[in-house]
Amino acid sequence: MKTTWQDQLHQLLNCDLKTLYPLARSMQRKLYFFVGPTNSGKTYRAMQELKSADCGIYLAPLRLLALEGYETLKKEDIPVSLVTGEEQIFNEDASHVCSTIEMIDFNMDVDVAVIDEIQMLDDVDRGWAWVNAIIGTPANKIIMTGSVNALDAVKKIAEYLGEELEVVRFKRKNELQLLEHQTNLRDLEKGTALIAFSRKDVLMYKQKLQKYHKVSVIYGNLSPEVRRDEARRFRHGESDILIATDAIAMGLNLPIKTILFTTCEKFDGVSRRLISPNEIVQIAGRAGRYGHHEEGFIGATSKKTLEHVHELFKMPIKTIKPPFKVKASSDQIEAIASHLQTKSLTKVLKFFADNMYFSGPFVAANIGSMITASLIVDEKFNLKLQDKYMLSQAPMTTKSPLIKQAYEVYINSVLKNRVVRYKPSITVPKTAKTQKDLLLVEDEVKKISLYLWLAYKLPELFPDSIKARMTRDSLNKFIENSLKNNIKFENEQTPYNKKKSESPRKYGQSKGKEFRGKRRRES
């Protein structure tokens, strides 16, 4: 009987996700969930299992964590390779691999796989990578680590797979105490971390406190290398106060005694809102690092914020519920485009999200950043669909004019099959005097990350990875040195500091001055 166009489309749009990973299905896998709060030793135990395996892989949520795992294994003379989107260190004799989760090789079987921070499967933009890893990692023993709010989700996915799941529970190794009174900035003790929720506020508090304290800062726009150096300074006592965003909630083990919230409001990309109980518990758990302090303390710098902290900390954390988001694969993109007879990636992605059906507790979803990028790549009519899909997954943001301009240049190079050399977009002064100076250098580092990601995908068109890494090292050193010095605080609006709404949503509700150095145009 002849298969009709409608029948073919129906088959395409009905997917049993587990069948996409035949190697994993051919193995007798057993799933383990090491579940517990921050500072409970669950990740340490998982890494011990990994070290004792004949071969294994560590799947990290951050490049910073992948690098730390790599260095930990190297110190114990375990042959290991590092694979991230912008950095690869291959060892021909490697028995182990440390990788960011998006870079997993589903065709490499191992004895043990550690999937870290499994609660990230609920992340709007990246959750698909954890879903794929649970279902498709070809390992005899899959060890997931994470918080209790992911337990039901892991059970449901294990049930869908028909695989045995063993839950191993961990308890926090020391106590957390809520402070009864607000803490004045004049009374900060060594080992205190102030939590703000924007780069602007972090640097503002740095300016206030650096007259009296040695200060380290950590925020999301800093590269992993700089964050690591700032953490090292705090860990080794070169600074006594840490000021950070919620970037410290994952991936950095620091000897923090007390965490003080300067606010309980954050801008989430849409509007200001109160942070959730899940967020406050994840951040607060960083206080009282086991082996450094007998207990940890949680407080705030104002009475109003302290009241919010007490209220939120005592609320139950929100359990992750299905359906779990699944991103389109390259094969699905090609097949849908063929059926729709279109070269528009935007149309294909929207059709996928609206019409794709998955067996089990999953739902087709689009990633906001991919939709944004697809609108840009679709302007290039002669660009191949597979290239559009690849480019739409590149680490870029349209919030930065510098990065967006570089992205468009790189797209044109792929379109014309033309070699593109890495060229700095800015001339760096001796030191950053203002936040704007610092921001442009941070953006240049992110532009290098974009170049290195493309160099991994298309090495023949982006051959300057060595030069790009050397420049990145130099710029990171510049940022590190600048953060040790006084940076002028200006009440200015930047691409990362949009005007916010007057009042925050409750939990559950849903052109500046020129840079001091010369700015170059991409060519």
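The values are calculated or read from the model by the stated rules, or taken from the named source; none is laboratory data. Every value quoted in this text rests on a predicted model; they were computed, and no experiment measured them. Every residue, glycine as well, gets a Cβ built from its backbone with ideal geometry; the counts of neighbours run over all protein chains shown. Side chains are part of the model used for accessible areas, which takes the heavy atoms of the whole protein and leaves out ligands, DNA and RNA. Shrake-Rupley method; radii C 1.70, N 1.55, O 1.52, S 1.80 Å.
What the table shows:
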| quantity | calculated |
| --- | --- |
| SER52/GLU159 FRET efficiency (R0 22 Å; Cβ-Cβ; nearest 0.05) | 0.15 |
| Share of Cα-Cα pairs in segment 113-178 lying beyond 14 Å, as whole percent | 61 percent |
| Exceeding the 28 Å Cα-Cα cut-off - candidates LYS30/LYS51; LYS171/LYS304; LYS74/LYS321; LYS327/LYS423; LYS30/LYS347 | LYS171/LYS304; LYS74/LYS321; LYS327/LYS423; LYS30/LYS347 |
| Dipole axis of the chain (+1 Lys, Arg; -1 Asp, Glu on Cβ), positive-most option in THR43, THR258, ILE317 | THR258 |
| Spin-label model distance (nm) - ARG418 vs VAL270, 7 Å beyond Cα toward Cβ | 4.1 nm |
| Carbon + sulfur, % of accessible area of segment 233-278 - ligands and nucleic acids excluded, 1.4 Å | 45 percent |
| Carbon plus sulfur fraction of accessible area for segment 75-164, probe 1.4 Å, in percent | 43 percent |
| Ranked packing of 381-389, 54-62, 123-131, 66-74, most packed first, by mean Cβ within 10 Å | 54-62, 66-74, 123-131, 381-389 |
| Qualifying GluC sites (Glu not before Pro) for segment 399-463 [loop in DSSP, other Cβ within 10 Å: at most 12] | GLU460 |
| Net charge dipole size for segment 189-325 [Lys, Arg +1 and Asp, Glu -1 on Cβ; Debye, nearest 20] | 260 debye |
| Per residue solvent-accessible surface (Å²) - the chain, probe of 1.4 Å | 47 Å² |
| Segment 83-193 - convex hull of the alpha-carbon atoms, volume per residue in Å³ | 208 Å³ |
| Dipole magnitude of the chain, debye to nearest 20 (Cβ charges: Lys/Arg +1, Asp/Glu -1, about Cα centre) | 2140 debye |
| Computed over the chain, Kirkwood Rh from alpha-carbon pairs, angstrom | 24.6 Å |
| Segment 285-368, accessible surface, carbon-and-sulfur percent (1.4 angstrom probe) | 50 percent |
| Full-stretch length increase - ASP93, ASP7 - with 0.36 nm per residue and alpha-carbon distance subtracted | 26.1 nm |
| Debye log10 I(q)/I(0) for segment 1-96, one point scatterer per Cα, at q = 0.21, 0.25 Å⁻¹ | -1.18, -1.33 |
| Spherically averaged projected area of segment 347-424 from its Cα convex hull (nm²) | 6.3 nm² |
| Value of [θ]222 nm, deg cm²/dmol, for the chain, DSSP H segments ≥ 4, -39500 (n - 2.57) each, nearest 500 | -11500 deg cm²/dmol |
| Per DSSP, loop GluC sites (Glu not before Pro) in segment 77-134 with at most 13 further Cβ within 10 Å | GLU92 |
| Reach of LYS484 by Cα under 23 Å, taken over lysines that are not fewer than 8 positions away in the same chain | LYS190, LYS200, LYS206, LYS208, LYS211, LYS214, LYS257, LYS430, LYS433, LYS436, LYS446 |
| Sparse-neighbourhood loop sites, GluC sites (Glu not before Pro) in segment 153-182 - DSSP loop, at most 12 other Cβ within 10 angstrom | GLU164, GLU180 |
